[in-house]
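Step one of this worksheet: look at the structure below.
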Amino acid sequence: MGSTLRRLILPSAAHRVRAAALLVALWCASWGAAAPARATATDDAPGAAASAGEGELERRLAALEREVAALKAEMARGGAGTTADVDKRIEALSKEIERLRLGEAAAPEAADSVNGFGPAASKVYRARRGVAIGGYGEMVYSNPDSHRDDGSASGEVASADLLRAVLYFGYKWNDRLLFNSEIEVEHAVAADGDAGEVAVEFAYVDYRHSDAFGARGGLLLVPVGFLNELHEPPIFFGSTRPEVEQVIIPSTWRELGGGVYGSAGPVDWKAYLVTSLDAAGFTADEGIREGRQEGSEAVAEDLGITARVDWTVRPGLLLGAGGFTGDTAQANPGLDGARVTQYEGHAEWRWRGLQVRGLYARTRLDDAAAVGTLTGEAVGSQMNGYYGEVGWNVLALQKGSRQELFPFVRYESLDTQAEVPAGVAADPANDRTVHTVGIHYRPIPNLALKADWQGFSNAAGTGVDRVNLALGWLF
């Protein structure tokens, strides 16, 4: 753009300065004329982010105008330097104006969460129009102990894994209608004989009438727990997700369906009708996890209802609850309903670098004996889990620092056979506790380096401790 500018203006340095001033003025005028059409862009509060972005552009353009004025004043005093100096300064101004112009069409940054989704998953909500692309990933190294708690050899070996590489693709048609999706590659390679897979984590169309009310349909994340919706690695403590939110709450849990959502002051809520679980996949050690249908040719004989409510009591203090209920027979022979009912409660407190989080979840399965006959597994009729964690950002003591260094601790307890049908023996290995102690370091908000030790124990004495390292990112 700078070379074009030089070709169009006269060779005089004074004329170069006047041309730069004219370019800035024209750009300000064209941007100002377009601003009213953009003022209705929606974000967490419709129009708020658009107004903030417009204000920033106004400030930057005003600064450019002041710099051009200063050049003119220097020229008038004969102190603007050589023609080459003026050329360089006009080139810099031209590039800055072009950068601002491109910024109008560029994708927004992955910043705060919108509607409960992670920062990267929320980018399409902050876009003005068109395509939004984001993503996240995590690499994990795990070194298990050579012995179990009972002293026997564990037989496990150290491993390194590109656990996930994820891309978000979204498209915003207008201020009320958008599409959002997440496509995930697990374990780096998806092919015959490899552990990896490619999966769509969610894909939905969203109609956002206002902050108070919206509707969406497609492949939806079930709104339970802390991490099923908001699971981008820099956001949560630990190299891996808490066991309770992998087993009792089987994240990432998604089903086909539709529903409504909204907010009323400090209260946010969601309610969906979705395809239910399939009891044929239930197991003794992982509970309902393998009953997720994941939107892949899902049997829809039975449907489920899921809902969530979160109350921001005051800034930094959140209380919430979520739940799911639905029959899971899905036309499997010998089952009459096999209803699953899960509910969970969660709380979080953030204050001056301190972060405290707790969650409790319980799942009930009717007809567990019949499900066990179908699957050949001693499936529990009740599955419980809870955890609490505390972390403190020690760098919060440094005024103005954007870096975060959280030492943290977490305690978990879970049992997928808390209750079993009459005549069924529970496996003590499924009554588990996990202690995690680690460091969570974020040099910038969208990048995390993690290190932790995990102590796994169970009532059978077969737990294996491990040390983990992880690198997680989002964009």
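Assorted remarks:
- Qualifying residue in the stretch 447-454 (condition: in contact (Cβ under 8 Å) with a residue 12 or more places away in the chain, in the same structural domain as E290 (by TED's automatic domain parsing) and touching a Phe, Trp or Tyr at 6+ places or on another chain (Cβ under 6 Å)): yes
- A search for C-beta distances below 6 Å between a residue of the stretch 228-253 that is closer than 20 Å to F202 by Cα and any residue that is acidic (D, E) and outside any loop (DSSP other than H, G, I, E, B), counting only pairs 6+ apart in sequence or on different chains, returns P233/E138; S251/E245; T252/E201.
- Among the residues making up the stretch 434-463, those that are within 15 Å of V244 (Cα to Cα) and not hydroxyl-bearing (S, T, Y) are V434, H435, Q454, G455, F456, N458.
- Count of the stretch 389-415 residues, restricted to those that are farther than 16 Å from E286 by Cα, in a strand (DSSP E or B) and hydrophobic (A, V, I, L, M, F, W, C), is 6.
- Test for L220: is it surrounded by 13 or more Cβ atoms within 10 Å (Cβ to Cβ), at pLDDT 95 or above and hydrophobic (A, V, I, L, M, F, W, C): yes
- Tally, over the stretch 188-209, of residues that are part of a loop (DSSP other than H, G, I, E, B) and in contact with a Lys or Arg (Cβ under 9 Å, 6 or more places away or on another chain): 1
- Any hit, the stretch 416-432, residues being in contact (Cβ under 8 Å) with a residue 24 or more places away in the chain, in a strand (DSSP E or B) and farther than 18 Å from E245 by Cα: yes
- Some residue of the stretch 258-278 being part of a loop (DSSP other than H, G, I, E, B), at negative phi and free of Cβ contacts under 8 Å to residues at least 24 places away in the same chain: no
- Residue that is farthest from T306 (Cα to Cα) [pool: residues in the stretch 360-385 that are of a type in the set (S, T, Y) and surrounded by fewer than 19 Cβ atoms within 10 Å (Cβ to Cβ)]: T373
The values are calculated or read from the model by the stated rules, or taken from the named source; none is laboratory data. Everything quoted here is computed from the prediction, not taken from an experiment. Glycine gets a Cβ as well: all are built from the backbone with ideal geometry, and neighbour counts include every protein chain shown.
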